[in-house]
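Peer 1: Sharing a structure below in structure tokens format, with a few things to ask.
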Amino acid sequence: MANWNDPRGDRTGFGQQGFGASPSQYGEVAGRAGYDMGLRKHMLSIYNYMASGVLLTGIVAMLTAQSGLAYSLAGGPLMWIVMLSPLAIVFAMSFGANKFSTSTLQAMFWGFAVLMGLSLSSIFLIYTGASIAVTFFATAGAFAGLSLFGYTTKKDLTGMGSFLVMGVIGLLIASLINMFLQSPGLYWAISFLGVLIFAGLTAYDTQKLKEQYYYVSGTEFAGKAVVLGALNLYLDFINMFLFLLRFMGSARE
């Protein structure tokens, strides 16, 4: 029969060190649980913004194509404005994050998503709607798996980041060169590497955003970090989708 009043230190009882944890350790556990809950909420906010932005882009692109506006934009001078405006917004958000308020960054993000929708409406003129849908869901599945890997892996992906960024720069240069060469072999090589690079960036950016929470938690920058994080993951998703579409898309007859 247990003696709950036994004062000997070699016994294990509730609230004693031998059974579980000291009060300070309980505090650490509670603090860790609070941190993990805050991290999950932070990442969920990023994913919600990112998914909403992608959805908005898809709706705008589809409606623009169905209305016939995509035909008017294609090849015209207005198309260059529509294509370059999102790039300008990305640079403004990235380099002016400290100057802009959270609400301003949110407005810029939604404006960016709309402009991307106008820009991407041209894919409905090139590929069938069914192949675009299949590619979209394939990209969504791959993105979810890669982002989950980046969130849960214990491996440090920091070293991979600089390599992937250089890969993006290489893709841009190769794409510009191929605009003049029109080489089918280079076109497919760029497409293949594009899928791999943005797949890697999805995992890398997810891990980076997870680690970033430690520094922005409880600060005024936390809200901005959510919007900027959503922008990063949005770009990874859209670029992976576009490169994958080159392989999976069926051309309109």
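The values are calculated or read from the model by the stated rules, or taken from the named source; none is laboratory data. No experiment lies behind these values; they were computed from the predicted model shown. Neighbour counts run over all protein chains shown; Cβ positions are idealised from the backbone, glycine included.
Peer 1: Name the one entry in I132, I81 that is at pLDDT below 95 and of a type in the set (A, V, I, L, M, F, W, C).
Peer 2: I81
Peer 1: Then there's this: If only one of V195, V168 is more than 18 Å from G249 (Cα to Cα), β-branched (V, I, T) and touching a helix residue (DSSP H, G or I) at 6+ places or on another chain (Cβ under 7 Å), which one is it?
Peer 2: Answer to the check: V168.
Peer 1: Regarding the stretch 135-147, can at least one residue be identified that is β-branched (V, I, T) and in contact with a helix residue (DSSP H, G or I) (Cβ under 8 Å, 6 or more places away or on another chain)?
Peer 2: Among the residues of the stretch 135-147, at least one is β-branched (V, I, T) and in contact with a helix residue (DSSP H, G or I) (Cβ under 8 Å, 6 or more places away or on another chain), which makes the answer yes.
Peer 1: Could you say which residue among L201, L120, L164, L125 is surrounded by fewer than 18 Cβ atoms within 10 Å (Cβ to Cβ) and out of contact with any Cys (no Cβ under 7 Å at 6 or more places or on another chain)?
Peer 2: From the options L201, L120, L164, L125, the qualifying one is L125.
Peer 1: Examine the stretch 68-84 for a residue that is hydrophobic (A, V, I, L, M, F, W, C), part of a helix (DSSP H, G or I) and in contact with a Lys or Arg (Cβ under 6 Å, 6 or more places away or on another chain), and state whether such a residue exists.
Peer 2: No, that holds for no residue.
Peer 1: Right, another one. Restricting attention to the stretch 146-169, which residues are under 15 Å from the mean Cα position of the chain (by Cα) and under 16 Å from L244 (Cα atoms)?
Peer 2: Once the filter is applied, which keeps residues that are under 15 Å from the mean Cα position of the chain (by Cα) and under 16 Å from L244 (Cα atoms), the stretch 146-169 yields only L146.
Peer 1: Could you run through the stretch 64-89 and say how many residues are under 18 Å from L233 (Cβ atoms) and surrounded by fewer than 16 Cβ atoms within 10 Å (Cβ to Cβ)?
Peer 2: Final tally of qualifying residues: 1.
Peer 1: Please give the number of the condition F149 fails out of (1) touching a residue at least 40 places away in the same chain (Cβ under 8 Å); (2) within 30 Å of L69 (Cα to Cα).
Peer 2: (2)
Peer 1: Between F247, F241, which is crowded, with 23+ Cβ neighbours inside 10 Å and part of a helix (DSSP H, G or I)?
Peer 2: Values: F247 fails: crowded, with 23+ Cβ neighbours inside 10 Å.
Answer to the check: F241.
Peer 1: Show the residue pairs meeting these rules: Cβ distance below 6 Å; 6+ apart or different chains; first residue within the stretch 61-84 and touching a residue at least 40 places away in the same chain (Cβ under 8 Å); second residue among the β-branched types (V, I, T) and in a helix (DSSP H, G or I).
Peer 2: A70/T64
Peer 1: Another question about this same structure. Scan the stretch 151-173 and tell me whether some residue there is aromatic (F, W, Y) and modelled with pLDDT of 95 or more.
Peer 2: yes
Peer 1: Could you say whether any residue in the stretch 189-198 is touching an Asp or Glu at 6+ places or on another chain (Cβ under 9 Å), touching a residue at least 12 places away in the same chain (Cβ under 8 Å) and not charged (D, E, K, R)?
Peer 2: So far as the stretch 189-198 goes, yes, one or more of its residues are touching an Asp or Glu at 6+ places or on another chain (Cβ under 9 Å), touching a residue at least 12 places away in the same chain (Cβ under 8 Å) and not charged (D, E, K, R).
Peer 1: While we're looking at this one, here's another question. Considering only the stretch 128-145, state which residues are in contact with a Phe, Trp or Tyr (Cβ under 9 Å, 6 or more places away or on another chain) and either surrounded by fewer than 18 Cβ atoms within 10 Å (Cβ to Cβ) or more than 24 Å from G223 (Cα to Cα) (or both).
Peer 2: If the condition is that a residue be in contact with a Phe, Trp or Tyr (Cβ under 9 Å, 6 or more places away or on another chain) and either surrounded by fewer than 18 Cβ atoms within 10 Å (Cβ to Cβ) or more than 24 Å from G223 (Cα to Cα) (or both), then I132, T135, F136, A138, T139, A140 are the ones that fit.
Peer 1: Quick check on the stretch 90-110. Is at least one of its residues over 23 Å from V226 (Cβ atoms) and out of contact with any strand residue (DSSP E or B) (no Cβ under 6 Å at 6 or more places or on another chain)?
Peer 2: No: zero hits.
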